[in-house]
Amino acid sequence: MEKGAQLYEGKAKKVFATEDPDLLIVSYKDDATAFNGQKRGTIIGKGVINNKMSNALMSMLQKHGIPTHFVEQLSDRDTLVKRVEIVPLEVIVRNISAGSFAKNYGVQEGIVFSEPTVEFTYKNDALGDPLLNDSHALALGLTTREELEQIRNYALQIDKLLQSFWLSCGVTLVDFKLEFGRLSDGTVILADEISPDTCRLWDSKTGEKLDKDRFRRDLGGVEDAYHEIMSRLEKQMETKE
Ligand code: UDP
């Protein structure tokens, strides 16, 4: 499948048309942004890692009954995906307090929740992705009650599957962000990516951060962290084969 016209360039990916109107090619870049685009940089090799990691995790989820947009990895940076209309919600699942949760509610990072939290933000850069609840999402016409219910169920199932996968790699899944999309018949499937850009991943023993927080907070060792988390995933995938 060849790349056609570029349809879109986002912060971390470009999207291309293909000869099949139902399929797109996403191409992962090394560009990194944080704080709604205010901080910019490059993480060398990130695009390759995020592409491969997202594909491996989506394949795993798919095997466990979660429908995803993943079709086929075409190269180190390029992947064929199903075309969807993105539901303009960022779906955030948290197992442990961190990031904006710790900041907004004035608590420390690292509190282990007795059950996961699911929250939604309105995917709108101009507004800074504001937090919203179910009734806000319905009032804004972003989704339907049925879709929200389905998205919440998928998000919690995905949390269980990802937590247990990462645990087997010696990694604690702190929180993550998902995006869902609709196929032309209205079916809701998982889209976007699952990577160290979109998850908080801590070494289970040392608590070391192995994700984009190293970039956001200028902790150093950014590239090393991305390589470390990828090599843990690859080792685990090999032993499962
Ligand atoms: N996240 C993301 N994109 C966003 C906002 C958050 O991928 O635009 C991810 C982030 O990497 C983390 C989780 O969602 O794993 C929760 O992020 P949080 O709300 O704490 O916001 P942050 O502190 O990253 O601004």
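The values are calculated or read from the model by the stated rules, or taken from the named source; none is laboratory data. All of these numbers come straight from a predicted model, not from anything done at the bench. Here the Cβ positions follow ideal geometry from the backbone for every residue, glycine too, while neighbour counts run over all protein chains shown. Ligands, DNA and RNA are stripped out before the accessible areas are found, and what is left, the full protein with its side chains, is counted by its heavy atoms. Shrake-Rupley method; radii C 1.70, N 1.55, O 1.52, S 1.80 Å.
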Do we find a residue being within 22 Å of Pro67 (Cβ to Cβ), open to solvent by 10 Å² or more (accessible area, probe 1.4 Å), out of contact with any helix residue (DSSP H, G or I) (no Cβ under 7 Å at 6 or more places or on another chain) and not basic (Lys, Arg) anywhere in region 231-240?
no
One residue is enough: does region 129-143 have a residue meeting the conditions touching a strand residue (DSSP E or B) at 6+ places or on another chain (Cβ under 7 Å), within 14 Å of the ligand (Cβ to nearest atom), without any contact (Cβ under 8 Å) to a residue 12 or more places away in the chain and closer than 30 Å to Asp30 by Cβ?
yes
Take the conditions under 16 Å from the mean Cα position of the chain (by Cα), free of Cβ contacts under 8 Å to residues at least 60 places away in the same chain and more than 16 Å from the ligand (Cβ to nearest atom) and apply them to Lys160. Does it pass?
yes
Could you figure out which of (1) assigned to a strand (DSSP E or B); (2) touching a strand residue (DSSP E or B) at 6+ places or on another chain (Cβ under 9 Å); (3) more than 16 Å from the ligand (Cβ to nearest atom) isn't true of Ser114?
(2)
Only one residue in Glu85, Glu115, Glu119, Glu147 is without any contact (Cβ under 8 Å) to a residue 24 or more places away in the chain, of a type in the set (D, E, K, R) and farther than 21 Å from Leu233 by Cβ. Which one?
Glu115
For Gly37, all conditions in the list (1) closer than 25 Å to Val222 by Cα; (2) in contact with a Leu (Cβ under 7 Å, 6 or more places away or on another chain); (3) in a loop (DSSP other than H, G, I, E, B) hold save one; what is the number of the exception?
(2)
Taking Leu167 as the residue in question, decide whether it is modelled with pLDDT of 95 or more and open to solvent by 10 Å² or more (accessible area, probe 1.4 Å).
yes
Can you confirm whether Arg216 is within 21 Å of Asp159 (Cα to Cα) and touching a residue at least 40 places away in the same chain (Cβ under 8 Å)?
no
Criterion: open to solvent by 40 Å² or more (accessible area, probe 1.4 Å), in contact with a Phe, Trp or Tyr (Cβ under 8 Å, 6 or more places away or on another chain) and either more than 15 Å from Ala56 (Cα to Cα) or of a type in the set (S, T, N, Q) (or both) - qualifying residue of Leu173, Leu131, Leu127, Leu219
Leu131
Considering Gln62, Gln73, which residue is without any contact (Cβ under 8 Å) to a residue 24 or more places away in the chain, under 28 Å from Thr144 (Cβ atoms), in contact with a strand residue (DSSP E or B) (Cβ under 6 Å, 6 or more places away or on another chain) and open to solvent by 20 Å² or more (accessible area, probe 1.4 Å)?
Gln62
Looking at Phe101, is it more than 28 Å from Gly4 (Cβ to Cβ), assigned to a helix (DSSP H, G or I), touching a strand residue (DSSP E or B) at 6+ places or on another chain (Cβ under 7 Å) and within 16 Å of the ligand (Cβ to nearest atom)?
yes
